[in-house]
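No lab work stands behind these numbers, since they all come straight from the coordinates. Treat the numbers as computed from the prediction; the structure is a model and nothing was measured. Positions of Cβ are backbone-derived with ideal geometry, glycine not excepted, and every protein chain shown enters the neighbour counts.
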Amino acid sequence: MKTSEIHIFYSLTQKEVIPPAERELARKDNWLKEIQKTIEADWKPLIVKVSYRLFNPEIEKQRRFFEGACVAYYAIQNSDLLTGTPDTETLRKYREELLDFCLGYDYHTVNRIIRKRPSTVDFKTVQKWNNFLQTLEETAFESAGYSFPDSEEFWNLTKKHGYDQAKRISIEQLQAKLSKKL
């Protein structure tokens, strides 16, 4: 079994429910058949949990912009990384720093962390994400003299090259711009 979960998307309008494409339903059926191959015996079945929740692609798009471009831009500029890409631990550290900077702090006790700041998971509307990204740009980037990624340019690169390549290209463009300044 390659993966433990898959996602199928239905579209809703006021008048109809639009099911996923046939290829998506076929993908789900193939996934279930692959899982069946791993079952030890009929008396020991596996259970597949099906849950439905609303999904807003615009909110997901803004979350991916923050996670992909914004955090990387901040990490590169804050650590003067002119070549290569920041490692996962560095990105995680700077993500937390940005969230602390814009949303508030968690309390650190001797043996645990008490969550006090809001989470980006709580951003259920596009407007909340817009406000967060605007605050991020004004407080964390502009106040330090850092360049903030252009979301329109980033999504154009994503359409042209894919998400991972767009991240790589935007990082290289930023590093080239920073190298020229020095």
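Determine ³J(HN,Hα), in whole Hz, for all residues of the stretch 110-117 in sequence, where each value follows from phi through the Karplus function 6.51 cos²θ - 1.76 cosθ + 1.60 and θ = phi - 60°; x replaces Gly and Pro.
So the J values, rounded to whole Hz, are 4, 10, 7, 10, 9, 6, 10, 7.
Along the charge dipole of the stretch 1-97, which of TYR94, TYR73, GLN62 sits closest to the positive end, that is, farthest toward it, with unit charges on the beta carbon of Lys, Arg, Asp and Glu (+1, +1, -1, -1)?
Projecting each Cα onto the dipole axis, the largest value belongs to GLN62.
Could you tell me which label, among (i) 0.96; (ii) 0.93; (iii) 1.06, carries the value of Rg/Rh (Cα atoms, Kirkwood Rh) calculated for this structure?
Working out Rg/Rh (Cα atoms, Kirkwood Rh) from the coordinates points to (iii).
Cross-link list LYS49/LYS116; LYS37/LYS160; LYS93/LYS124; LYS116/LYS177: which exceed 27 angstrom alpha carbon to alpha carbon?
Result: LYS49/LYS116; LYS37/LYS160; LYS116/LYS177 exceed 27 Å.
Compute the angle between helix 151-161 and the longest alpha-carbon principal axis of the chain, please, reported from 0 to 90 degrees and rounded to the nearest 10.
The angle comes out near 50 degrees.
Is the shape of the stretch 1-55 rounded, prolate or oblate, going by the alpha carbon gyration tensor and its root eigenvalues a ≥ b ≥ c, with a/c under 1.5 for rounded and a/b larger than b/c for prolate?
Taking the square roots of the gyration eigenvalues as a ≥ b ≥ c, the stretch 1-55 is prolate.
List the aspartates and glutamates whose Cα sits under 13 Å from the Cα of LYS181, skipping any in the same chain fewer than 8 residues away.
The reachable aspartates and glutamates, counting only those whose Cα sits under 13 Å from LYS181, are ASP80.
Per residue of the stretch 7-23, in order, report the coupling 6.51 cos²θ - 1.76 cosθ + 1.60 (Karplus, θ = phi - 60°) as ³J(HN,Hα) in whole Hz, putting x for Gly and Pro.
In residue order, the calculated couplings are 10, 10, 10, 9, 9, 10, 10, 5, 10, 8, 10, 9, x, x, 4, 4, 5 Hz.
For the stretch 66-81, what does the Karplus curve 6.51 cos²θ - 1.76 cosθ + 1.60, with θ = phi - 60°, yield as ³J(HN,Hα) per residue in whole Hz, taken in order and with x for Gly and Pro?
After applying 6.51 cos²θ - 1.76 cosθ + 1.60, I find 4, 5, x, 7, 4, 5, 5, 4, 5, 4, 5, 6, 6, 9, 6, 8 Hz.
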